[in-house]
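What follows is a set of notes on a single structure, which appears directly below.
Coordinate-derived values only; no laboratory data. Please read these numbers as outputs of a predicted model, since none were measured by experiment. Here the Cβ positions follow ideal geometry from the backbone for every residue, glycine too, while neighbour counts run over all protein chains shown.
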Amino acid sequence: MGIINNINKAFDHRIRLGIMSILMVNEYAEFTMLKELLEATDGNLASHLKALEKEAYIVVQKQFIGRKPNTKYVATDLGRLEFKKHINALEKLINRS
Amino acid sequence: MDAKNYLDDITQIKQMMNKSSRFISLSGLSGVMAGIYALIGAFVAHYYIEQYLEKLVTNEVSRNSRPMHLEIEFKLLVIAALIMLAAIVTGVILTSIKAKKNNAKMWDASSRRLLINFAFPLITGGLFCLILIQRNYISLIAPTMLIFYGLACINASKFTIGDIKYLGVINVITGIICSQYIGYGIYFWAFGFGVMHIVYGTIMYLKYDRK
């Protein structure tokens, strides 16, 4: 059952899957953009972002535009690699059944 | 978890990747309308050009009459500007309606990116056409417009539904062929901007809008 090992628990949630999908095809994403796309609440989204950050799959870039705080999220190389593995594992599981 | 759940995951991944990177609310109908405006414009322009040529032949104006040349150039520029304006206004209105229906924002990161990538080759082409007028290479204006517009479409295709790439490729090819048939520019122009827009818009409308 080799492939099962590649199913990554860290991605095992709709919101986290969504965050990683968005960050795979975009240079970065702002908090508000993620919120709109994933239709999540602030708290819910923040906790999932924190979890991915803890795994070092994404990094946070905080800065100020004028006086407004602006938070950007970027996928790390590790995050991209792990997410690709995860997708491959999902596809294999689907094809097998 | 069974296979069905994994399949849902993959669907969700694809959907998010598309939704976050491509602006999908471009209205097909606005393509059709742009084509119709272009055909009307080409028709009017054709009429003015014929009139102008007739006056040249019957020697009503001399070949060296500068004001006369300027007048036709000015008329054609105004027609081109009016077509563009009408197409943009219609496009913005129809696209905002479609975006509302899709529950998407008209002005977000994806539409901004689409617009920038579309506008860059287009504005370059527009400026280059003005340079051609300045240098009196009038015969190359129609092919140049077609080629740059085609390149703009190809460039934009990475940021919206991909079909616009084919419109771009066809317009580039039309532009290249057009450059070899000097004097028939207006017909190629009407084909590329008029007919092909209507075909593209109709396909888009049938494929994506009509749900």
Under 16 Å between alpha carbons - lysine pairs in region B:16-106 that sit 8 or more apart or on different chains = 5
inquiry  = To make sure I understand the rule: partners must be lysines, Cα under 19 Å from the Cα of A:LYS92, and not fewer than 8 residues away in the same chain. Which ones qualify?
reply    = A:LYS9, A:LYS84, B:LYS4, B:LYS14
Scattering curve values for region A:9-96, log₁₀ I(q)/I(0), Debye with Cα scatterers, q = 0.10, 0.13, 0.25, 0.26 Å⁻¹ = -0.26, -0.42, -1.32, -1.40
note = chymotrypsin sites (Phe, Trp or Tyr not before Pro) in region B:57-153 lying in a DSSP loop, each with at most 13 other Cβ atoms within 10 Å of its Cβ, come to B:TRP107, B:TYR137
inquiry  = Order these by the 10 Å Cβ neighbour count, fewest first: B:MET145, B:MET68, B:MET196.
reply    = B:MET68, B:MET196, B:MET145
ask   = So what's the angle, to the nearest 10 degrees on a 0 to 90 scale, between helix B:66-101 and the longest Cα principal axis of chain B?
value = 10
inquiry  = Can you tell me the length gained on complete extension of the stretch B:LYS105 to B:LYS14, counting 0.36 nm per residue apart and subtracting the Cα distance?
reply    = 30.8 nm
inquiry  = Using DSSP to call loops (not H, G, I, E or B), can you name the trypsin sites (Lys or Arg not before Pro) in region B:135-180 whose Cβ has at most 11 other Cβ atoms within 10 angstrom?
reply    = B:ARG135
request  = Sticking to Cα atoms, compute the Rg of chain B to one decimal and its Dmax as the biggest Cα-Cα distance, whole number, in Å.
outcome  = 20.6, 85
note = Karplus-derived 3J(HN,Hα) from phi for region B:187-204 (6.51 cos²θ - 1.76 cosθ + 1.60, θ = phi - 60°), whole Hz, x at Gly and Pro, runs 6, 5, 4, 5, 5, x, 7, x, 4, 5, 5, 5, 4, 4, x, 5, 4, 4
message = Principal axis extents for the protein assembly as shown, Cα atoms only, whole Å, descending order, please.
response = 87, 51, 32
task = With everything on Cα atoms, drop me the angle between helix B:109-134 and the longest principal axis of chain B, reported from 0 to 90° to the nearest 10.
result = 10
